[in-house]
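Q: Sharing a structure with you now.
The values are calculated or read from the model by the stated rules, or taken from the named source; none is laboratory data. These numbers come from a predicted model, not from an experiment. Using ideal geometry, Cβ is built from the backbone for each residue, glycine included, and neighbour counts are taken over all protein chains shown. These accessible areas exclude ligands, DNA and RNA; they are computed on the full protein's heavy atoms, side chains included. Shrake-Rupley method; radii C 1.70, N 1.55, O 1.52, S 1.80 Å.
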Amino acid sequence: MKVLIIDDNPAVRTTLKLLLSDVFEEVATVGDPQLIPALLQPENIDAVLLDMNFDRHRFDGGEGLFWLSRIKEASNPPAVVVITAFGDVPLAVEAMKLGAEDFVTKPWDNDQLIAKIHNAIKKNLTSKTTYKEIEMAREIENREQQRGQMTLEEVKIIHIQSVIEQCGGNLSAAAEKLGINRQTLYNTLNRMKK
């Protein structure tokens with residue numbers, strides 16, 4: 001599993017990298033959140049530890065919320081655990097409403113942090129699986145609705161094309177599977193072209 005740490009404090013990045021390198025296969029760190037889009041491109045990151053403040057003059061967490069939204073907009077977003085100061089629990093709750101799987105407060109407990117990252121990854125994978133299942137169910141339902149509105153000839157054409165694809169374009173095998181002779185299949189294909 002690969003974890004990406006995004007925090008502007010070099011000491012925090014180093015500490016987290018030392019801690020997490022013993023637990024996860026790969027741990028990357030970055031101090032500039034502007035690099036997030038490029039780092040997420042390969043879609044090979046399982047979890048992001050995201051600091052909520054990057055500007056030394058601004059401590060409202062707005063930057064962290066912005067970057068959290070960008071991370072979660074990705075086509076295959078990783079799990080996100082936000083890092084906040086002890087008094088920023090309301091900010092962490094807001095982050096979770098925007099899609100973060102969990103949060104940790106500074107200073108953190110090492111075992112709890114590791115457990116939260118593991119749980120966040122599991123939660124993220126479960127939600128992705130559920131989303132994919134729902135999308136597949138919708139796609140099947142739409143296909144069935146469309147088939148219900150097709151003519152018998154249209155259903156026949158789709159079935160023949162599907163069997164030909166299953167047979168890798170081999171018309172003799174497709175004709176056999178369809179229970180017709182090869183010439184009948186040729187004649188049907190010729191009529192379909194017209």
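Q: Which residues, counting only those in region 30-68, are farther than 17 Å from T84 by Cα, out of contact with any Phe, Trp or Tyr (no Cβ under 9 Å at 6 or more places or on another chain) and assigned to a loop (DSSP other than H, G, I, E, B)?
A: Listed by number, the residues that qualify are Q41, P42, E43, N44, I45.
Q: Count, please, the residues in region 176-186 that happen to be part of a helix (DSSP H, G or I) and open to solvent by 70 Å² or more (accessible area, probe 1.4 Å). Let's see the steps before the verdict.
A: Residues of region 176-186 part of a helix (DSSP H, G or I): 176-178, 182-186.
Checking the rest, the ones that are also open to solvent by 70 Å² or more (accessible area, probe 1.4 Å) come to 176-177, 182-183, 186.
Number of matching residues: 5.
Q: Another question about this same structure. Could you list all residues from region 150-175 that are farther than 17 Å from N187 by Cα, modelled with pLDDT of 85 or more and not in a helix (DSSP H, G or I)?
A: Result: C167, G168.
Q: Another question, if that's okay. Tally time: how many residues in region 78-113 are under 17 Å from V12 (Cβ atoms), open to solvent by 70 Å² or more (accessible area, probe 1.4 Å) and not in a loop (DSSP other than H, G, I, E, B)?
A: Residues meeting the conditions: 2.
Q: It is to be established whether one or more residues within region 18-29 are at pLDDT 90 or above, part of a helix (DSSP H, G or I), open to solvent by 30 Å² or more (accessible area, probe 1.4 Å) and not polar (S, T, N, Q). Give the steps one after another, and end with the answer.
A: First pass over region 18-29, keeping only residues at pLDDT 90 or above: 18-29.
If we keep only those that are part of a helix (DSSP H, G or I) as well, we get 18-21.
After this cut, where a residue has to be open to solvent by 30 Å² or more (accessible area, probe 1.4 Å) as well, the list is 18-19, 21.
Of the ones still in play, those that are also not polar (S, T, N, Q) are 18-19.
Looking through region 18-29, at least one residue is at pLDDT 90 or above, part of a helix (DSSP H, G or I), open to solvent by 30 Å² or more (accessible area, probe 1.4 Å) and not polar (S, T, N, Q).
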